[in-house]
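Peer 1: Here it is, the structure in full.
The values are calculated or read from the model by the stated rules, or taken from the named source; none is laboratory data. Worth saying up front: this structure is predicted, and the values here are computed from it rather than measured. So basically every Cβ, Gly included, is an ideal-geometry build from the backbone, and we count neighbours across all protein chains shown.
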Amino acid sequence: MNMRRLLGFNLLTAVVLGIVGFYVGWWLGHQINGPSVAYFASTGQNDIALFVAYIVGVIGFLAGLGFLNYPVSRMLGKPPSLREKESEGIGRYLGLCTDHKVVGIQYLLGIGAFIFIGGLNAMLIRLELMRPTHLVWNGNNYLTLVSVHGTMMMGMMTSGILGPFANYFVPIMIGARRMAFPRIEALTFWLLMAAGTILMTTFAFGGFPTGWTGYAPLSEQANMGMDAYVAFFALVGLSMTLLGLNMMATIITMRAPGMTWGRLPLFVWGTFSTAVLMVLAAPVLISVLLMLALDRTAQTGFFNVQAGGSPYLYENLFWIFGHPEVYILALPGMGILLEILPVFARKPVWGYRLAVTGMLGISLMSWLVWQHHLFVSGINADLRPFYMLSTELISLPTGFIFIAALGTLWRGRIRLTVPMLFSLAWIFNFLIGGMSGVFLSDTPSDVTTHGSFFSMAHFHYTIMGGLIFAFFGGIYYWLPKMTGFNLNERLGKIHFWVMFVAFNSTFGPLLVIGFLGMPRRVVTYAGYLQGANDWVSVSAFVLGASMLVFLYNLVWTQVFARVPAEMNPWGSKSIEFSLPSPPAVHNFDRIPTFGPDPYPYGDDGAGIGQRPVIAPARPTR
Amino acid sequence: MLSSHGRKLAALTVIGTAIVLPLMVFVLGPNMPPGKDTQVAKGQVFDNTVLLVVMTPFTVFILVYLIYALWAFRAPKGETELIDGPPIRGHGPSQIAWLATTTISVLFLAVFGSTELLANNGAGGGGGPNPVAKPSGAVLPIQVIGQQWEFTYRYPTYGGVETAQLVIPEGQEIAFHVTSLDVIHSFWAYELGVKADANPGVDNVAYVKADHPQTFQVRCAELCGLWHGYMFDTGLVVTPAAFASWIAARKSQFAPVSKYLPPYSTTYAPDPQHRG
Amino acid sequence: MSVTARKSLAVTVGVLIVGVLIGVYVAFLTNGPTPYRVPVASAATASAPGSVDLTLETVGSVGPSLSPNPTWVSYLVRENGVFHRSTVWTLPANTLVHVTLYNFDSKTGLRNPFLAQARGLVGGTFGIDGKPTTVMNPDDASHTFAIPQMGVIVPIEGVSSSAKNTCGFAPCPMSTAHTTTTFTFRTGKAGHYRWQCFVPCAAGFFYGFGGPMQTIGYMDGYINVV
């Protein structure tokens, strides 16, 4: 490796500039508001310096990756390079790359690393809960573990499917050669990486005790570690907004001839409805975090009762973002589910319009339900019947997804491949998640279940049981297409069964433990719940171990065995499976034309011959 | 009209529901949380039972369907050639039936939940400073003060005496006025079926009436900082006579500090807000 | 080196690095104040409880020699004649604990005045500079020592604002202005208890309850009763 490549715009430069930027910002922050100010002198904490350090650090990081090259060369009147790093070789994964397929794989690895940290935290949390009192971690570290687990998972998994799979496959599925804004696409990924790193710096500043919700005023009195949460989620929000915008623009403007709205694959519909939510919800998050940051630095009083503010304001704004957020987590999983089921049931999607209506209905109605998180808070108590109604109504569009999935299985020829197993598990898990949600939506019942392990188990059933299972379904379905090498089917099945059983063995009992009165996020609990908690902890460790099976499978097949993937191992009729594995840099030599049916399975003649007509492209490997 | 598969599936669903439903009503339902010690707790148990009944047919249907589909529609073992299923792209009557049943259930649940909420005086949940549904007759107000990290309790009708333990008389409507001196806490008396967030500057009222003497757990249910996990104590429901003597004993025990307490108020904004 | 060997080496190194990182992470998380096992003065018998002596100090600023956060308020414990910063103590069960607490910090005041009355003490009173007391003016409180699960709470009087010769930061010589609080409580059955201060004494933090008030090793700690 020569010096020229090392000194160019790449990850190494970015990390160096990021660290330099951090310390420059730290120094700058102390100039703005140094130790001479009484407030900072007595606390020994300078939140302004830390925020400025994070901001300058992120700018340095992005500059090191080369994100400033384009705007700077435009300002200097130079013709910009339009194809940064659409080159070949392993180096393109370590820098700014505008190939949507490279970004997809970057997402998969980058997000995977941070989800690994989040999962590790979950293991450490369950370790502590093996005893009803203090066992391993002291109070601060336990709360920080809980908070980092929740925040990391919520922040990273919002892009968990859109990042890797939508970036990779949506342009292909709609017959485009790239995303609408390739540089922004790369930016969303590197923003997330910067954000995740920032969140981990919380340990250097005392951690934070608020969980992923960051409720004020607790988040206002917390240590400087709280600033890492604020910076993390604001950057995630920015990344989400840009990602959503990019997806919307791509899907709206870049569809190939014949790809009308009524012919979009359901994964694209899932992506689109998620993208709309992201664009509308994430800015609310950024705003509320900005208010929190101002409260913590400039001593404004948005959430300070005595200064005329209100903690209710935080709760309201947070959940106006937060509830669409949970559907941002659910919708892409539904998209993957309805993409995989037809392939392995060998049937068209049953009720295509119903499924699309369901997805769009969910994204619309997710805006009307946020105060069900606040049923016992005393806020707008007279509106509780309305939020009860709106929350329960959202089960109607969710029901559309269910019946579309079930109908697709009807009289199919089901093949239980690994992706199919994960999809069927999605139906089972999301069923339990949805049904447990009924208790939470019913205000009288919510009085007991709110803030308990029941609600925690509920959203793990929907997010882990839904999103993560769909995520793995997507990996087993698409990864050979993305990398060009097959995964091991046998290891995949072992992974699935261990994960599925351990998952239900973990979160099923947690529903009961919550019913029995154990609150969330506590380090102590009633002694008679120890047996159940020990069971859950052991199951959680097995659940964690199942991820090691997957990692082993991934490393073994992709690094060592390297069995080349066929073009279409599943017999899928989706367009990406008529391209080589992996597809060429520009996907298509000629833009394809799409027929009327996105799922042309079956022999009634309507489907046959309707597959997209494309010219073969050269493989790049 | 129904195909052979459809008839079998319908029969299995009906049979499954017929088996599971009585279990839900008679076995699981009565054991649903939070128990039967107060009127609101009983109301919640009833609510939970009704929810179980409503969700049972749907759950049974989907599970039966999944199992049936995997059993009946699986490609034969060893079938290597890809054979497509029939291209069924939807079925209007099924979709309408599904939409109708889910809509009816959901609307029923919303109406039922709202009715229960109002009929049980807020079902033990915090209803803000002026709840729309109030118990008729005399109510004993008790203030719950959340602070980092302990609940304390004030009895305004007994000279505003403040105590560290929660004791309530049986057979008496209680109004918990929940507030906080600092961050958000949540007052959760599990066996009573009461949960109300403690917000600074807010008077959050929850009603309950305990039926018989017992102990109950009080826990904080909203993450409030370092010792959130340790913010619990045990409350007592006692007879009115025992309550009278208990409160008299507390009045004399805490007489020394009473002169320093601020006058009873629904919310407090105590100094110091900041120090240094 | 063959390609496979190179790959194996890379993967092994990668796994090792991840393993080491996890180890560092876990070690970092277990990091906390060293527990102080309070020496037993006289062992408990079936008929009479034994007793231990615990000598504490509260300082307004812990100083650079004892903490990376020199401006934070803190409890200190005396071990072998030297005050150091540990708030995790091991005490024997069913034992009288005679506490002597020197407070060098000024008055802050309680947010909830109710906590100005002592509870759960042997004899019902505590001594301020030797004077038996049950309640103090909430505004005079500098800190409290409280073990809520044992029902123990003691308010600690602050140094008068007119006092001269106040202690800047720890270690505080006994010649500087201070108050002395003495009290006795009895540990119950074995278990894990937390103790804390209820006075919003964390200067500058919102509601006076951030920083040292929410960090083990300053104004909060554990009592391991064995």
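Peer 1: For segment B:94-108, which positions are among the hydrophobic types (A, V, I, L, M, F, W, C), surrounded by 13 or more Cβ atoms within 10 Å (Cβ to Cβ) and within 17 Å of B:Gly6 (Cα to Cα)?
Peer 2: Here is the first cut: in segment B:94-108, the residues among the hydrophobic types (A, V, I, L, M, F, W, C) are B:96-100, B:104, B:106-108.
Next, only the ones that are surrounded by 13 or more Cβ atoms within 10 Å (Cβ to Cβ) stay: B:98-99, B:106-108.
Hit for segment B:94-108 is B:Trp98, nothing else.
Peer 1: If you don't mind, there's one more thing I want to ask. Quick check on B:Ala244: is it part of a helix (DSSP H, G or I), farther than 30 Å from A:Ala526 by Cβ and within 33 Å of the chain's Cα centre (by Cα)? Working first, answer last.
Peer 2: Details: part of a helix (DSSP H, G or I): yes; farther than 30 Å from A:Ala526 by Cβ: yes; within 33 Å of the chain's Cα centre (by Cα): yes.
Yes.
Peer 1: Then there is this: Confirm whether A:Gly473 is crowded, with 24+ Cβ neighbours inside 10 Å, at negative phi and not polar (S, T, N, Q). Lay out the reasoning, then the answer.
Peer 2: Working: crowded, with 24+ Cβ neighbours inside 10 Å: yes; at negative phi: yes; not polar (S, T, N, Q): yes.
In short, yes.
Peer 1: Then there is this: Looking only at segment A:427-448, count how many residues are surrounded by 24 or more Cβ atoms within 10 Å (Cβ to Cβ), within 22 Å of the chain's Cα centre (by Cα) and among the aromatic types (Phe, Trp, Tyr).
Peer 2: Residues in segment A:427-448 being surrounded by 24 or more Cβ atoms within 10 Å (Cβ to Cβ), within 22 Å of the chain's Cα centre (by Cα) and among the aromatic types (Phe, Trp, Tyr): 1 in total.
Peer 1: So A:Phe400 fits all but one of (1) buried (at least 23 other Cβ atoms within 10 Å of the Cβ); (2) at the interface with another protein chain (Cβ under 9 Å from one of its Cβ atoms); (3) within 21 Å of A:Gly571 (Cβ to Cβ); (4) under 28 Å from the mean Cα position of the chain (by Cα); what number is the exception?
Peer 2: That leaves (3) as the condition not met.
Peer 1: I'd like to know if segment B:201-215 contains one or more residues that are part of a strand (DSSP E or B), of a type outside the set (A, V, I, L, M, F, W, C) and more than 14 Å from every other protein chain (Cβ to nearest Cβ).
Peer 2: In the first step, residues of segment B:201-215 are kept if they are part of a strand (DSSP E or B); the result is B:204-210, B:214-215.
This time we only want the ones that are of a type outside the set (A, V, I, L, M, F, W, C), so: B:204, B:207, B:209, B:214-215.
From the residues that got through so far, the ones that are more than 14 Å from every other protein chain (Cβ to nearest Cβ) too are B:209, B:214.
The answer is yes; a qualifying residue exists.
Peer 1: Pick out, from segment A:392-495, the helices (runs of 4 or more DSSP H) lying fully within it that include 2 or more residues that are in contact (Cβ under 8 Å) with a residue 60 or more places away in the chain and more than 26 Å from B:Gln95 (Cα to Cα). I'd like the intermediate steps shown before the answer.
Peer 2: On the way: elements: A:395-409, A:418-441, A:443-449, A:453-462, A:469-483.
Ranges flagged: A:418-441, A:443-449, A:453-462, A:469-483.
Peer 1: Kindly provide the set of residues from segment B:154-178 that are within 10 Å of another protein chain (Cβ to nearest Cβ), over 20 Å from the mean Cα position of the chain (by Cα) and not in a loop (DSSP other than H, G, I, E, B), ordered by number. Write out each step before concluding.
Peer 2: Initial filter on segment B:154-178 (within 10 Å of another protein chain (Cβ to nearest Cβ)): B:154, B:161-165, B:178.
Still in the list and also over 20 Å from the mean Cα position of the chain (by Cα): B:154, B:161-165.
Of everything in segment B:154-178, those that are within 10 Å of another protein chain (Cβ to nearest Cβ), over 20 Å from the mean Cα position of the chain (by Cα) and not in a loop (DSSP other than H, G, I, E, B) turn out to be B:Arg154, B:Val161, B:Glu162, B:Thr163.
Peer 1: Please find, among A:Ser42, A:Ser73, the residue that is within 14 Å of another protein chain (Cβ to nearest Cβ) and at pLDDT below 90. If you could, list the steps in order and put the result at the bottom.
Peer 2: Details: A:Ser73 fails: within 14 Å of another protein chain (Cβ to nearest Cβ).
Selected residue: A:Ser42, the only one of A:Ser42, A:Ser73 that is within 14 Å of another protein chain (Cβ to nearest Cβ) and at pLDDT below 90.
Peer 1: Let me ask another. Of these, B:Ile88, B:Ile83, B:Ile67, B:Ile62, which one is modelled with pLDDT under 90 and either assigned by TED's automatic domain parsing to the domain that holds B:Gln214 or closer than 20 Å to A:Phe402 by Cα (or both)?
Peer 2: Selected residue: B:Ile88, the only one of B:Ile88, B:Ile83, B:Ile67, B:Ile62 that is modelled with pLDDT under 90 and either assigned by TED's automatic domain parsing to the domain that holds B:Gln214 or closer than 20 Å to A:Phe402 by Cα (or both).
Peer 1: List the residue pairs whose Cβ atoms are under 6 Å apart, where the first residue sits in segment A:502-514 and is in contact (Cβ under 8 Å) with a residue 60 or more places away in the chain and under 18 Å from A:Val438 (Cα atoms), the second is among the polar types (S, T, N, Q) and not in a helix (DSSP H, G or I), and the two are 6 or more positions apart or on different chains.
Peer 2: Pairs found: A:Gly514/A:Ser452.
Rundown of residues vs (1) more than 26 Å from the chain's Cα centre (by Cα); (2) at pLDDT 90 or above; (3) of a type in the set (A, V, I, L, M, F, W, C), yes/no style:
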| site | (1), (2), (3) |
| --- | --- |
| A:Val549 | no, yes, yes |
| A:Arg562 | yes, yes, no |
| A:Pro596 | yes, no, no |
| A:Asp603 | yes, no, no |
| A:Ala606 | yes, no, yes |
| A:Gln610 | yes, no, no |
| A:Val613 | yes, no, yes |
| A:Pro616 | yes, no, no |
| A:Pro619 | yes, no, no |
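Peer 1: If I go through segment B:69-93 residue by residue, how many of them are surrounded by fewer than 17 Cβ atoms within 10 Å (Cβ to Cβ) and in a helix (DSSP H, G or I)?
Peer 2: 5
Peer 1: Scan segment C:73-88 and give yes if some residue there is touching a helix residue (DSSP H, G or I) at 6+ places or on another chain (Cβ under 7 Å), more than 21 Å from B:Pro256 (Cβ to Cβ) and surrounded by 19 or more Cβ atoms within 10 Å (Cβ to Cβ), otherwise no.
Peer 2: Taking segment C:73-88 first, the residues touching a helix residue (DSSP H, G or I) at 6+ places or on another chain (Cβ under 7 Å) are C:73-74.
Narrowing further to those that are more than 21 Å from B:Pro256 (Cβ to Cβ): C:73-74.
Remaining after also requiring surrounded by 19 or more Cβ atoms within 10 Å (Cβ to Cβ): C:73-74.
Yes, segment C:73-88 contains a residue that is touching a helix residue (DSSP H, G or I) at 6+ places or on another chain (Cβ under 7 Å), more than 21 Å from B:Pro256 (Cβ to Cβ) and surrounded by 19 or more Cβ atoms within 10 Å (Cβ to Cβ).
Yes/no per residue for (1) surrounded by 17 or more Cβ atoms within 10 Å (Cβ to Cβ); (2) over 24 Å from B:Leu261 (Cα atoms); (3) touching a strand residue (DSSP E or B) at 6+ places or on another chain (Cβ under 6 Å); (4) in the same structural domain as B:Tyr264 (by TED's automatic domain parsing):
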{"site": "B:Ala133", "(1), (2), (3), (4)": "no, yes, no, no"}
{"site": "B:Glu162", "(1), (2), (3), (4)": "yes, no, yes, yes"}
{"site": "B:Trp188", "(1), (2), (3), (4)": "yes, yes, yes, yes"}
{"site": "B:Gly193", "(1), (2), (3), (4)": "yes, yes, yes, yes"}
{"site": "B:Asn204", "(1), (2), (3), (4)": "yes, no, yes, yes"}
{"site": "B:Val208", "(1), (2), (3), (4)": "yes, yes, yes, yes"}
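Peer 1: If A:Leu292 satisfies all but one of (1) surrounded by fewer than 17 Cβ atoms within 10 Å (Cβ to Cβ); (2) part of a helix (DSSP H, G or I); (3) more than 20 Å from the chain's Cα centre (by Cα), what's the number of the condition it fails?
Peer 2: For A:Leu292, the exception is condition (1).
Peer 1: Sticking with this structure for a sec: Could you tell me whether any residue of segment B:257-275 is more than 24 Å from C:Leu110 (Cα to Cα) and either away from every other protein chain (no Cβ under 13 Å) or assigned to a loop (DSSP other than H, G, I, E, B) (or both)? Please lay out each step first, then the result.
Peer 2: Looking only at segment B:257-275, we keep the residues that are more than 24 Å from C:Leu110 (Cα to Cα), and these are none.
The answer is no, given that none of the residues of segment B:257-275 is more than 24 Å from C:Leu110 (Cα to Cα) and either away from every other protein chain (no Cβ under 13 Å) or assigned to a loop (DSSP other than H, G, I, E, B) (or both).
Peer 1: Residue check: is A:Leu424 crowded, with 24+ Cβ neighbours inside 10 Å and at the interface with chain B (Cβ under 9 Å from one of its Cβ atoms)? Break it down stepwise before answering.
Peer 2: On the way: crowded, with 24+ Cβ neighbours inside 10 Å: yes; at the interface with chain B (Cβ under 9 Å from one of its Cβ atoms): yes.
The answer is yes for A:Leu424.
Let's see how each residue does on (1) in contact with a strand residue (DSSP E or B) (Cβ under 6 Å, 6 or more places away or on another chain); (2) within 14 Å of another protein chain (Cβ to nearest Cβ); (3) outside any loop (DSSP other than H, G, I, E, B):
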site: C:Lys7; (1), (2), (3): no, yes, yes
site: C:Ile17; (1), (2), (3): no, yes, yes
site: C:Gly23; (1), (2), (3): no, yes, yes
site: C:Val52; (1), (2), (3): yes, no, yes
site: C:Asn69; (1), (2), (3): no, yes, no
site: C:Val77; (1), (2), (3): yes, no, yes
site: C:Trp89; (1), (2), (3): yes, yes, yes
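Peer 1: Could you check segment C:177-225 for strands (runs of 3 or more DSSP E) lying wholly inside it with 2 or more residues that are farther than 19 Å from C:Ile156 by Cβ?
Peer 2: Values: elements: C:179-186, C:191-196, C:220-225.
Those strands (runs of 3 or more DSSP E) span C:191-196, C:220-225.
Peer 1: Look at segment B:216-250 and say how many of its residues are closer than 26 Å to C:Gln196 by Cα and surrounded by 15 or more Cβ atoms within 10 Å (Cβ to Cβ).
Peer 2: If we filter segment B:216-250 for residues that are closer than 26 Å to C:Gln196 by Cα, which is where we start, we get B:216-236, B:250.
Those left that are additionally surrounded by 15 or more Cβ atoms within 10 Å (Cβ to Cβ): B:216-233, B:235-236, B:250.
Residues that pass the stated criteria total 21.
Peer 1: Quick check, is C:Phe169 within 22 Å of B:Phe151 (Cβ to Cβ) and aromatic (Phe, Trp, Tyr)? Quick ask: steps written out before the conclusion?
Peer 2: Numbers: within 22 Å of B:Phe151 (Cβ to Cβ): no; aromatic (Phe, Trp, Tyr): yes.
The answer is no for C:Phe169.
Each row is one residue, and each column tells you yes or no for (1) of a type in the set (Val, Ile, Thr); (2) without any contact (Cβ under 8 Å) to a residue 60 or more places away in the chain; (3) more than 30 Å from B:Gly128 (Cα to Cα); (4) in contact with a helix residue (DSSP H, G or I) (Cβ under 7 Å, 6 or more places away or on another chain).
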position	(1), (2), (3), (4)
A:Ala307	no, yes, no, no
A:Ser310	no, yes, no, no
A:Leu317	no, yes, no, yes
A:Leu338	no, no, yes, yes
A:Pro342	no, no, yes, yes
A:Pro348	no, no, yes, yes
A:Gly351	no, yes, yes, yes
A:Leu354	no, yes, yes, yes
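Peer 1: Moving on to the next point. Which residues, taken from segment C:74-95, are at positive phi and in contact (Cβ under 8 Å) with a residue 12 or more places away in the chain? Spell out how you get there, then give the answer.
Peer 2: Looking only at segment C:74-95, we keep the residues that are at positive phi, and these are C:80-81, C:94.
Across segment C:74-95, the qualifying residue is only C:Asn94.
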